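Peer 1: Structure incoming, see below.
The values are calculated or read from the model by the stated rules, or taken from the named source; none is laboratory data. Worth saying up front: this structure is predicted, and the values here are computed from it rather than measured. Cβ coordinates were reconstructed from backbone atoms using ideal geometry, including for glycine residues, and neighbour counts include every protein chain displayed. To get the accessible areas, we keep the full protein, side chains included, count just its heavy atoms, and leave off ligands, DNA and RNA. Shrake-Rupley method; radii C 1.70, N 1.55, O 1.52, S 1.80 Å.
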Amino acid sequence: MELRDKRVLVTGGAGLVGSHLARRLAPDNHVLVADDLSKGERDRVPDGAEFARADMTDPDDVAEVVTEDLDVVFHFAAYTDTNYANPRQLFEENTEMTYNVLERMEAVGVTNVAFTSSSTVYGEAPMPTPEDYAPLEPISVYGASKLADEGLLSVYAHSHEFTVWMYRFANIVGPSQRGNVVPDFIQKLQEDPDTLEILGDGRQEKSYLHVEDCVDAMCHVVEHADDAMNAFNLGTRTTTSVNAIADIVADEMDLDPDYEYTGGDRGWTGDVPKMRLSVEKLSALGWEPPTSSDEAVRR
């Protein structure tokens with residue numbers, strides 16, 4: 001599906017990934033961003049896109065933005081904190097948002113949807129983890145909510161003639177981000193330049209992809225994959241450790257703090273200590289990660 005001269009809805013489009021996607025698509029398409037601004041920021045929405053303040057848990061709001069003239073919906077609206085304080089709310093509302101969007105799309109005859117899933121659906125899987133790895137056994141409620149969403153999308157792809165593009169993200173990093181190890185370290189060092197608290201033992205090791213590269217990969221998948229259900233890992237071929245991220249952040253801030261560890265092999269309950277996704281399927285489609293995880297973090 002060529003992303004040109006299309007009518008596009010981006011739910012959660014005032015967040016990190018959604019706003020970058022809207023900025024990428026707005027020059028060549030009609031883009032509507034829908035966001036309730038509970039976490040996203042209005043000033044992230046590019047000038048070339050329309051904006052509607054809308055809550056995807058509210059069917060009336062969904063009906064306002066999911067209209068029959070759309071060509072594709074990028075459904076990004078979700079709670080994205082893997083360590084959210086109210087896990088039941090996270091699970092129930094993430095799945096509710098997805099079901100509301102899919103039901104409304106079917107009602108108005110819109111059948112193209114792209115969805116942001118997560119590497120957390122794999123749980124603690126062997127590395128590098130391919131898209132056809134099974135069984136999928138998430139260890140966090142966030143991962144469970146994304147897996148439930150994937151199940152709904154599969155139903156609509158195979159039983160309701162939808163085309164689904166589904167992205168299982170590595171850790172995405174970029175400007176103005178919150179709720180991630182990089183901004184966490186920056187904030188801590190701004191408050192205390194001499195000491196940095198690190199959750200766990202610092203040896204957790206994961207893949208990091210810069211948001212602009214993430215958006216480029218997402219668009220490439222939509223434009224080149226045409227099965228009913230298209231699941232793709234998005235990440236780099238490398239990993240970086242929490243200790244290495246601390247070193248990079250401290251170096252960029254021209255600091256030399258002492259590290260203090262909370263202990264244990266994971267930062268919180270449900271944290272996957274080591275993660276690297278296989279990107280061979282994405283590579284076979286013609287897209288290669290342009291940078292390493294260290295370079296993405298430093299950028």
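Peer 1: Hey, what's the range 128-178 come to in accessible area per residue, 1.4 Å probe, Å²?
Peer 2: Using a 1.4 Å probe on heavy atoms only, each residue of the range 128-178 averages 42 Å².
Peer 1: With a 1.4 Å probe and all protein chains in place, put Arg44, Arg168 in order of accessible area, largest first.
Peer 2: Arg44, Arg168
Peer 1: Still on this structure: Show Lys39, Lys188 ordered by accessible area, largest first, where the area counts protein heavy atoms only and the probe is 1.4 Å.
Peer 2: Numbers: Lys39 120, Lys188 45 Å².
The ranking, largest first, comes out as Lys39, Lys188.
Peer 1: Checking the table Lys6/Lys39; Lys39/Lys281; Lys39/Lys274; Lys6/Lys146; Lys146/Lys206 against a 23 Å threshold on Cα-Cα, which pairs fail?
Peer 2: Where the Cα-Cα span goes over 23 Å, the pairs concerned are Lys6/Lys39; Lys39/Lys281; Lys39/Lys274; Lys6/Lys146.
Peer 1: Would you mind checking which residues have amide H under 5 Å from Glu197's amide H? H placed 1.01 Å from N; only 5 or more apart, or other chain.
Peer 2: Glu260
Peer 1: Okay, next question. How large is the accessible surface per residue of the range 2-49, computed with a 1.4 Å probe and reported in Å² as a whole number?
Peer 2: 44 Å²
Peer 1: Using the Cα centre as the reference, give the magnitude of the dipole from point charges on the C-beta atoms of the chain (Lys, Arg: +1; Asp, Glu: -1; all else neutral), rounded to the nearest 20 debye.
Peer 2: Dipole about the Cα centre, nearest 20: 400 debye.
Peer 1: Skipping prolines and chain starts, which residues have an amide H placed within reach, meaning under 5 Å, of the one on Val173, given they are 5 or more residues away or on another chain?
Peer 2: Leu209, His210, Val211
Peer 1: Relative contact order of the chain, please, whole-number percent, based on alpha carbon pairs below 8 angstrom and at least 6 residues apart.
Peer 2: Reported relative contact order: 18 percent.
Peer 1: With runs of 4+ DSSP H residues as the only contributors, calculate the mean residue ellipticity of the chain at 222 nm using -39,500 (n - 2.57) per run, divided by the residue total and rounded to the nearest 500.
Peer 2: Rounded to the nearest 500, the figure is -11000 deg cm²/dmol.
Peer 1: Compute log10 of I(q)/I(0) for the range 176-259 with the Debye formula, placing one identical point scatterer on every Cα and leaving out solvent, at q = 0.13, 0.15, 0.17, 0.26 Å⁻¹, to two decimals.
Peer 2: -0.54, -0.66, -0.77, -1.30
Peer 1: Roll a 1.4 Å probe over the protein heavy atoms and report the accessible area of Glu260 in Å², nearest 10.
Peer 2: Counting only protein heavy atoms, Glu260 exposes about 110 Å² to solvent.
Peer 1: Roughly what angle does helix 87-108 make with the longest principal axis of the chain, taking Cα atoms, 0 to 90 degrees, to the nearest 10?
Peer 2: With both axes taken from Cα atoms, the answer is about 30 degrees.
Peer 1: Using only Cα atoms, tell me the angle between helix 16-25 and the longest principal axis of the chain; keep it within 0 to 90° and round to the nearest 10.
Peer 2: The angle comes out at about 50 degrees.
Peer 1: Return one whole number: the accessible area per residue of the range 259-299 in Å², for a 1.4 Å probe.
Peer 2: With the other protein chains kept in place, the range 259-299 gives 54 Å² per residue.
Peer 1: Where the accessible area of the chain is counted over protein heavy atoms with a 1.4 Å probe, how much of it, in %, is carbon and sulfur?
Peer 2: Accessible surface attributable to carbon and sulfur in the chain totals 44 percent.
Peer 1: Could you list which residues have their amide H under 5 Å from that of Val72, counting only those 5 or more apart in sequence or on another chain, with H placed in the peptide plane?
Peer 2: Placed amide hydrogens put Arg7, Leu9 under 5 Å from Val72.
Peer 1: Let me ask something else about it. Using unit Cβ charges (K, R positive; D, E negative) and no other charged atoms, how large, in debye to the nearest 20, is the dipole of the range 217-280 about its Cα centre?
Peer 2: Charge dipole of the range 217-280: 380 debye, to the nearest 20.
Peer 1: I need the per residue convex hull volume for the chain, using only the alpha carbons, in cubic angstrom as a whole number.
Peer 2: Residue-normalised Cα hull volume stands at 122 Å³.
Peer 1: Another question, if that's okay. Work out from phi, with θ = phi - 60° and the Karplus expression 6.51 cos²θ - 1.76 cosθ + 1.60, the ³J(HN,Hα) of each residue of the range 53-59, listed in order in whole Hz, and give x for Gly and Pro.
Peer 2: Per-residue couplings from phi come out as 7, 8, 9, 6, 7, 9, x Hz.
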